[in-house]
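What follows is a single structure, written as structure tokens, with notes after it.
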Amino acid sequence: LKAELEQTSDTAKATSEIQKVDFVWMNGELVGWEEAKVPVMSHGLHYGTGVFEGIRGYGYGENLYIFRLREHFERLLESARICDIECSYAPQELERACLELIRANKMRQDCYIRPIIFVGFSGINLGFINYPVNTAIVAFPFSQYFSKAGLDVCVSSWTRLYDPVTPPMAKICGNYVNSVFAKRDAAKNGYDEAIMLNSTGKVSEATGENIFVVRDDELVTPSLGSSILKGLTRDTILLLADELGIRAVEREVARSELYTANEIFLTGTAAGIAPVLSVDKRRVGNGKVGPITERLAKVYFDLVVGRETFGHKQWVTKVY
Ligand SMILES: Cc1ncc(COP(=O)(O)O)c(C=O)c1O
């Protein structure tokens, strides 16, 4: 794990720019990268009317393993339903399309898969009645989201959006403006990531990850009512913790608990299990990666690369 965590700036640099691949899957067919274009007046571009997913493929040995593929597509279509965007594909069809795309690109290295469903080009009516809906999947080489083994984070001055505004439970394109505000401020102030508080002042999540806090050997994560995305990595960690005999609870988390935590880590498909070493320049625990974080990160990593299944074979799709 240490070596894994220490893979730093090179990989960060490698993944900061998206590397073009041969094919993109768009509306039912494979098209060349340069052909995968959308009209400038696409509704989704102007109004954020789209939903997306982030999925990871891990190259291990000669094969490529995709983690929780089915659940990602199910969440994608749930997000679309929340937005009242009608997608004509079933999760199984999108899964097949995703595998077809990866095989066509002969991809065997660590990669990121980005499916997106968005309202297309027709007019400027916000109601988008009878507007076309586009579905695309892009997959490109990717290794690390964070360039550091341990993160220095801040609590953002921006409030996390909440259900009566636009639901954080859905991965809606427009929702990410809220995350972008928090992330840019954090980056400009020298932090790696921002933790956002919800409308009641409780901890919600980071800009693209869920958060876990370890206090007195108990793993705590904000409950689903805390204005969070129901992260699949979060779900994985909750299940693994239970199986490993680590007590885990979902509840409201107060900001002050971040300052008294023994350990904190973030979870996300792109970020994996990312240890937090300081919050608002206050050291978390002893300022090093804690034992519970380390243990869970190791199990998670073994699981996603298909090295060990821990009884969850169905979570890992072998591509070749
Ligand atoms: C806002 C937000 N929260 C949490 C997560 C983590 O979710 P998952 O573990 O499903 O990637 C993500 C990433 O998708 C996210 O964008």
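Quick notes on this structure:
- The stretch 41-75 - residue that is of a type in the set (Val, Ile, Thr) and assigned to a strand (DSSP E or B) and, of those, nearest to Ala270 (Cα to Cα): Ile55
- Take the conditions (1) closer than 25 Å to Trp33 by Cα; (2) in a loop (DSSP other than H, G, I, E, B); (3) over 19 Å from the mean Cα position of the chain (by Cα); Asn130 misses just one of them, which is (1).
- Of all residues in the stretch 243-269, those being over 12 Å from Val220 (Cα atoms) and either modelled with pLDDT under 95 or away from the ligand (no atom under 16 Å from the Cβ) (or both) number 7.
- Restricting the stretch 76-112 to residues that are part of a loop (DSSP other than H, G, I, E, B) and small (Gly, Ala, Ser) leaves a set whose member that is farthest from Arg234 (Cα to Cα) is Ser88.
- The residue of the stretch 96-130 that is farthest from Ile273 (Cα to Cα), among those that are buried (at least 19 other Cβ atoms within 10 Å of the Cβ) and of a type in the set (Phe, Trp, Tyr), is Phe128.
- Count of the stretch 236-251 residues which are loosely packed, with under 15 Cβ neighbours inside 10 Å, at negative phi and not hydrophobic (A, V, I, L, M, F, W, C): 4
- Hits in the stretch 289-317 (condition: at pLDDT 95 or above and over 13 Å from Thr236 (Cβ atoms)): Val289, Gly290, Pro291, Ile292, Thr293, Glu294, Arg295, Lys298, Thr317
- Filter result for Tyr176 (aromatic (Phe, Trp, Tyr), away from the ligand (no atom under 12 Å from the Cβ) and surrounded by 15 or more Cβ atoms within 10 Å (Cβ to Cβ)): no
This table checks each residue for (1) aliphatic (A, V, I, L, M); (2) over 21 Å from Lys202 (Cβ atoms); (3) at pLDDT 95 or above; (4) in contact with a His (Cβ under 9 Å, 6 or more places away or on another chain).
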position: Pro141; (1), (2), (3), (4): no, yes, yes, no
position: Ser147; (1), (2), (3), (4): no, yes, no, no
position: Gly150; (1), (2), (3), (4): no, yes, yes, no
position: Ser156; (1), (2), (3), (4): no, no, yes, no
position: Thr159; (1), (2), (3), (4): no, no, yes, no
position: Asp163; (1), (2), (3), (4): no, no, yes, no
position: Gly174; (1), (2), (3), (4): no, yes, yes, no
position: Phe181; (1), (2), (3), (4): no, no, yes, no
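- Asn210 meets each of the listed conditions (1) closer than 16 Å to Pro168 by Cα; (2) crowded, with 24+ Cβ neighbours inside 10 Å; (3) away from the ligand (no atom under 11 Å from the Cβ) apart from (3).
- Screening Arg68 against (1) more than 15 Å from the chain's Cα centre (by Cα); (2) in contact (Cβ under 8 Å) with a residue 12 or more places away in the chain leaves a single unmet condition, (1).
- Ala80 being touching a Cys at 6+ places or on another chain (Cβ under 6 Å) and of a type in the set (A, V, I, L, M): yes
- Restricting attention to the stretch 217-231 and to residues that are of a type in the set (A, V, I, L, M, F, W, C) and under 13 Å from Met169 (Cβ atoms), the residue that is nearest to the ligand (Cβ to nearest atom) turns out to be Leu229.
- Selection status of Ser223, under 18 Å from Leu258 (Cα atoms), touching a residue at least 24 places away in the same chain (Cβ under 8 Å), out of contact with any helix residue (DSSP H, G or I) (no Cβ under 8 Å at 6 or more places or on another chain) and surrounded by fewer than 21 Cβ atoms within 10 Å (Cβ to Cβ): yes
The values are calculated or read from the model by the stated rules, or taken from the named source; none is laboratory data. Just so it is clear, the model here is predicted, and its values are computed rather than measured. Heads up, the Cβs are rebuilt from the backbone with ideal geometry, glycines too, and the neighbour counts pull from every protein chain shown.
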